[in-house]
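Written out below as structure tokens is the structure these notes cover.
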Amino acid sequence: MKKKVLITGAAGFLGSHLCDRFIKEGFYVIGMDNLITGSMDNIEHLMPNKDFEFYHHDVSNFVHVPGELDYILHFASPASPIDYLKIPIQTLKVGSLGTHNLLGLARAKGSRMLIASTSEVYGDPLVHPQTEEYYGNVNPIGPRGVYDEAKRFQEAVTMAYHTYHGLETRIVRIFNTYGPRMRLNDGRVLPAFIGQALRGEDLTVFGDGSQTRSFCYVDDQVDGIFRLLMSDYAYPVNIGNPDEITIAQFAEEIIKLTGTTQKVIYKDLPKDDPMQRQPNITKAKDILGWEPKVSRQEGLKITYEYFKSLPEEKLFQKEHKDFKGYIK
Ligand code: UDP
């Protein structure tokens, strides 16, 4: 009998890569998604697989899965600042009510549950690089509050189920991750820059571009998550690539990668945009024997090839223009 895993957010960027990995590892995979931000395109290739099934369901409502369930990975959530503005209530619900429903399911089935937390629990961090011990600097009522606080609640309720009910739980704090299947127009910096280059538009750097991020290739991220799930460590673990870069430098890298003749233009920095972000991954190294292997140069090349292969109409869907208050 194959081990059975439920992956929520299965049609999303990370969720779909996780489905691939668990299928490859010989699991029976149930993918679940309400398809608000996810896309069936990401999992279409899995649909004929006899070890994969898909439930179209919103986990903020009661979740039922028949039979036994060994593992649950909760990856359903909007994950870009543009999405938080567009669907703030759903963002809050999936991180709080959705997590609670899934913890209940895990308890009923005796499953081990891993939740996708985020570097956003550190907010605009005053400690650099960020260690798991840092409590964060979050504005609960700012534009990112709906995501950050849902994720912080998610960690709290997961730890409560662990300590009070003895549930086996894992918490991964995911730092900026990129790769094929990111949504081209979700407003995140990498698809934004590559999309702009492909459309022949100038690259929009927010603020003066001195804010930093540290980008992790998706295969490395998925490997870290897999190792954490299989470990016996119940406390939060940062998974990300510590290779830190300013957004201005990142724009230059994308210009070089794509060969675009467009220039960089500067726009206002969105409210509460973190000034610096870099994971301390000592815990992941020590406990999971994990560290990232894919350089930004390699990862960006693969990701660019993916975006280039998309149909042209996707390139010209500009969802983010609708969201006032973010892009000025
Ligand atoms: N950013 C930018 N131009 C864009 C989109 C984003 O300069 O067209 C900046 C954004 O202000 C932030 C960084 O890039 O400082 C990363 O943004 P993203 O939304 O990808 O992720 P997050 O801020 O959640 O790390």
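Read-outs throughout are calculated quantities, based only on the coordinates presented, and are distinct from any laboratory measurement. None of the values given here were measured: they were computed from a predicted structure. With ideal geometry, Cβ positions are generated from the backbone for all residues, glycine too; neighbour counts draw on all protein chains shown.
The table for this structure:
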item: Cα-projected label distance for ILE87 with GLU53, points at 7 Å along beta-carbon direction, nm; result: 2.4
item: Axial C-alpha extent at least 24 Å, average Kyte-Doolittle at least 0.0 - helices from the chain (DSSP); result: 88-109
item: Residues with amide H under 5 Å from that of GLY12, placed H, sequence gap 5 or more; result: SER39
item: Chain lengthening between VAL127 and GLN262 when straightened (0.36 nm per residue, less Cα-Cα); result: 45.0 nm
item: At q = 0.16 Å⁻¹, base-10 log of I(q)/I(0) for the chain (Debye sum, equal scatterers on each alpha carbon); result: -1.51
item: Cα centroid of the range 52-116 to Cα centroid of the range 195-258, whole Å; result: 24
item: Label zone at TYR164 (point 7 Å along Cα-to-Cβ), backbone N below 16 Å, the range 57-84; result: none
item: Amide H within-cut-off set for GLY123, under 5 Å, with H built and near neighbours excluded; result: ASN137
item: Cβ-derived FRET efficiency at R0 51 Å, ALA108 paired with GLU305, nearest 0.05; result: 0.70
item: Virtual paramagnetic centre 7 Å along Cα→Cβ of SER295, amide N under 19 Å, in the range 174-188; result: 178-179
item: Förster radius 41 Å - calculated FRET efficiency between LYS2 and ILE245, Cβ distance, rounded to 0.05; result: 0.50
item: Dipole of the chain, positive direction: furthest Cα of VAL218, VAL294, HIS56, with charges on the beta-carbon; result: HIS56
item: DSSP bridge pairs, the chain: antiparallel proportion in percent, nearest 5; result: 10
item: Other-chain or far-sequence residues with amide H under 5 Å of LEU167's (modelled H); result: HIS162
item: Neighbour cut-off at most 14 other Cβ (10 Å), DSSP loop, trypsin sites (Lys or Arg not before Pro), the range 1-87; result: LYS2, LYS3, LYS50
item: Whole-Hz ³J(HN,Hα) from phi, Karplus 6.51 cos²θ - 1.76 cosθ + 1.60, for the range 131-144, glycine and proline x; result: 9, 5, 6, 6, 7, x, 9, 10, 8, x, 10, x, x, 8
item: Debye, to nearest 20: dipole size of the chain, +1 on Lys, Arg Cβ, -1 on Asp, Glu Cβ; result: 240
item: J(HN,Hα) series, the range 4-12, from Karplus relation 6.51 cos²θ - 1.76 cosθ + 1.60, nearest Hz, glycine and proline x; result: 10, 10, 9, 10, 8, x, 4, 8, x
item: Integer Hz, Karplus 6.51/-1.76/1.60 couplings in order for the range 116-123, x for Gly and Pro; result: 8, 8, 7, 4, 5, 5, 8, x
item: MRE, 222 nm, helices only [DSSP H, n ≥ 4, -39500 (n - 2.57), over the chain, to nearest 500]; result: -11500 deg cm²/dmol
item: Selected from ASN139, GLY110, TYR122, residue furthest toward positive end of dipole (the range 96-158; charges at beta carbon); result: GLY110
